[in-house]
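In what follows, a single structure is set out as structure tokens and then discussed.
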Amino acid sequence: MRHLKLLQFSPVDFCGRLDFLSNELRYLSWCIYPFDYLPSNFQPDNLVGLILNDSRIKKLWKDTKPLPNLRLLDLYRSESLIELPHFGEAPNLERLCLKGCIQLRQIDASIGLLKKLTELDLRECENLISVPSSILGLNSLEYLSLSGCSKLRMLLDEPRDGEHLKKLCRGEAPIHSLSASSILPEDLCSISRMRELDLSYCSLRQIPDTIGNLHCLEWLNLRGNKFGTLPSLKELSKLYYINLASCKQLKCLPELPSRTHLSSEIYLSPFRDVIGSRGINIFDCPELVDREGCSSMCFSWMMQIVKAHHQYPRFSPLRKPCVESVIQGSEIPRWFNNQHEGMGNLMIIDTPPLIQHDNNWIGIACCVIFRFHDRMITTLPIFPLRTEPLHTLGVEIPWVPFNEEDMKTSDRIWLFYFTRQQLISQCCVGRMPDRADFKFKFEIRRTPLFESRVKEYGYRWVYEEDVKHSNVTTMHSGDLLPQKRKAFGN
């Protein structure tokens, strides 16, 4: 086996010791690697990928080894890892995953030598104390995750020229010792190619105005921070997702983009295996004033995204809404011209004959007033059941409560939009059935843990004329007024 080039072990009980590995190995993948080190006589000159998930390794080698061809180093959840190699020995490294390495306390400054590094995943390194600010000087860096690094004390002590950074991911655990400027340098425009920015739960009290200069930004998560206001976002024409939920001191919405141009490239984060959400989330913001105006802006901006998607269609999962938002509120706007009382977790949609024979409608927009109760809802959709005469399309609310306190909060509005193609593909096996009594339903699946209840819902069959007249300033005041609900079938 001296000429072995690929070696892969699935989880297996391994007894004895390891004295030899082929020096011709190009890929080594060993889940639950049981030793403290790799063999000292292993010369990894040809190694391209090293994957040691859930391993017991403390250090790759006792001494230094050159890794001239290494592109991928994945030490996911290696909970005994205490030290990394000098990165100068791996000049071609492109992807580095250290997620869940809970004993790791610092990242060596030599990481600044990795001029080809594109992905750095440090999520859940809960004892990590310092990360060199030089990581943002790596022009090749596209994705950075520091989510859950609750003990971090050193980060971005000076602005760096990371012009190719596409994702700065910081979420889940607040870092109370860091100031806003230490995470977000004022000169944000130097990071000009950033596409995804996640700074959720960072205890930020201020966001620099220069965030409005990130013209490539598509996905922005600022959930759970402490700022009261935000700078204008009106120039971010590629932005299609904003999360401002649980910003307890937020008083008003920022200026939203005045136009939306969706990129023709399908963007998929390396840290997520699904297409990212489109829309806006803003709830649990008790200081928010002019909530009616905020709801109007959110709805209009959401329809602006619908318009952009219709003009330049992008891939959307068939069972996931093309666009969806969760906002504070308890009234359905009059624009939704079919309104009904809730029926548990069901929303029944009538398809009049006019729709069935009309080729000009482009989708359906729904507005749901919901509240969580003793049980909570799953995040998994139901697969559609094509049984006559009522077809089922499973949907999921893009938010679940974390505790009983969350469930006691006020009603919320869930807005979502399915395209014509999505509906026909899932409910109608290729085309709208030629039936006067055809109906279908959206159903939210119940589980023993979570349960949601639809109080009221409304929907509208959307035509091109509807999206042509949407804008981000406000809907017509008459559209905001609620109308009398009725039980379905009346």
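The values are calculated or read from the model by the stated rules, or taken from the named source; none is laboratory data. All figures in this text were calculated on a predicted structure; none of them were measured in a lab. Cβ sites come from the backbone with ideal geometry, for glycine too, and all protein chains shown count toward neighbours.
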The one condition in (1) within 17 Å of the chain's Cα centre (by Cα); (2) modelled with pLDDT under 80 that ALA245 fails to fulfil: (2)
Among the residues listed as LEU73, LEU67, the single one being surrounded by 17 or more Cβ atoms within 10 Å (Cβ to Cβ), among the aliphatic types (A, V, I, L, M) and in a loop (DSSP other than H, G, I, E, B): LEU67
Among residues of segment 247-258, those that are crowded, with 19+ Cβ neighbours inside 10 Å and over 17 Å from GLY293 (Cα atoms), counted: 1
Segment 311-344, subset touching a Cys at 6+ places or on another chain (Cβ under 9 Å) and more than 22 Å from ILE282 (Cβ to Cβ), residue modelled with the lowest pLDDT: SER316
Among (1) under 16 Å from LEU114 (Cβ atoms); (2) at pLDDT 95 or above, the one test that PRO85 misses: (2)
Among (1) modelled with pLDDT of 75 or more; (2) surrounded by fewer than 22 Cβ atoms within 10 Å (Cβ to Cβ), the one test that TYR240 misses: (2)
Residue count for segment 1-29, restricted to those that are modelled with pLDDT under 95, under 23 Å from GLN103 (Cβ atoms) and among the hydrophobic types (A, V, I, L, M, F, W, C): 3
Enumeration of residues in segment 213-234 that are buried (at least 16 other Cβ atoms within 10 Å of the Cβ) and modelled with pLDDT of 90 or more: PHE227, LEU230, PRO231, LEU233
Among residues of segment 103-120, those that are within 28 Å of the chain's Cα centre (by Cα), farther than 18 Å from LYS59 by Cα and either aliphatic (A, V, I, L, M) or surrounded by 15 or more Cβ atoms within 10 Å (Cβ to Cβ) (or both), counted: 7
Within segment 85-102, considering residues that are of a type in the set (A, V, I, L, M, F, W, C) and buried (at least 20 other Cβ atoms within 10 Å of the Cβ), the one farthest from ASP45 (Cα to Cα): CYS101
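Conditions tested, residue by residue: (1) among the aromatic types (Phe, Trp, Tyr); (2) in a loop (DSSP other than H, G, I, E, B); (3) on the phi < 0 side of the Ramachandran plot.
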site	(1), (2), (3)
PRO11	no, yes, yes
SER22	no, yes, yes
LEU28	no, no, yes
TYR37	yes, yes, yes
SER55	no, yes, yes
ASP63	no, yes, yes
LEU81	no, yes, yes
Filtered residue count, segment 354-369, keeping only those that are surrounded by 13 or more Cβ atoms within 10 Å (Cβ to Cβ) and modelled with pLDDT under 85: 2
Hey, VAL274 out of contact with any strand residue (DSSP E or B) (no Cβ under 8 Å at 6 or more places or on another chain), surrounded by fewer than 16 Cβ atoms within 10 Å (Cβ to Cβ), modelled with pLDDT of 85 or more and of a type in the set (A, V, I, L, M, F, W, C) or not: no
First in segment 237-253 and touching a residue at least 60 places away in the same chain (Cβ under 8 Å) and under 15 Å from GLN328 (Cα atoms), second anywhere and crowded, with 19+ Cβ neighbours inside 10 Å and of a type in the set (Lys, Arg), Cβ under 6 Å, 6 or more apart: ALA245/ARG223
Residue match in segment 131-144 (condition: in a strand (DSSP E or B), touching a residue at least 24 places away in the same chain (Cβ under 8 Å) and over 17 Å from ARG56 (Cβ atoms)): yes
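Of the residues that sit in segment 242-264 and are in a loop (DSSP other than H, G, I, E, B) and among the polar types (S, T, N, Q), which one is farthest from CYS298 (Cα to Cα)?
SER264
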For LEU146: the one exception among (1) of a type outside the set (Val, Ile, Thr); (2) out of contact with any helix residue (DSSP H, G or I) (no Cβ under 7 Å at 6 or more places or on another chain); (3) under 18 Å from GLY49 (Cα atoms): (3)
Unmet requirement for LYS99, which otherwise passes all of (1) touching a strand residue (DSSP E or B) at 6+ places or on another chain (Cβ under 9 Å); (2) not in a loop (DSSP other than H, G, I, E, B): (2)
Filter result for PRO39 (under 21 Å from HIS3 (Cβ atoms), more than 32 Å from the chain's Cα centre (by Cα) and surrounded by fewer than 15 Cβ atoms within 10 Å (Cβ to Cβ)): yes
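For the condition in contact with a helix residue (DSSP H, G or I) (Cβ under 7 Å, 6 or more places away or on another chain) and either surrounded by fewer than 23 Cβ atoms within 10 Å (Cβ to Cβ) or at pLDDT below 75 (or both), what is the one hit in SER134, SER130, SER181?
Testing whether each residue is in contact with a helix residue (DSSP H, G or I) (Cβ under 7 Å, 6 or more places away or on another chain) and either surrounded by fewer than 23 Cβ atoms within 10 Å (Cβ to Cβ) or at pLDDT below 75 (or both) leaves just SER134.
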Flag for ASP209 being modelled with pLDDT under 55, of a type in the set (D, E, K, R) and surrounded by fewer than 17 Cβ atoms within 10 Å (Cβ to Cβ): no
Selection from segment 62-102 of residues that are of a type in the set (D, E, K, R), closer than 19 Å to LEU141 by Cα and within 23 Å of the chain's Cα centre (by Cα): ASP74, GLU94, ARG95, LYS99
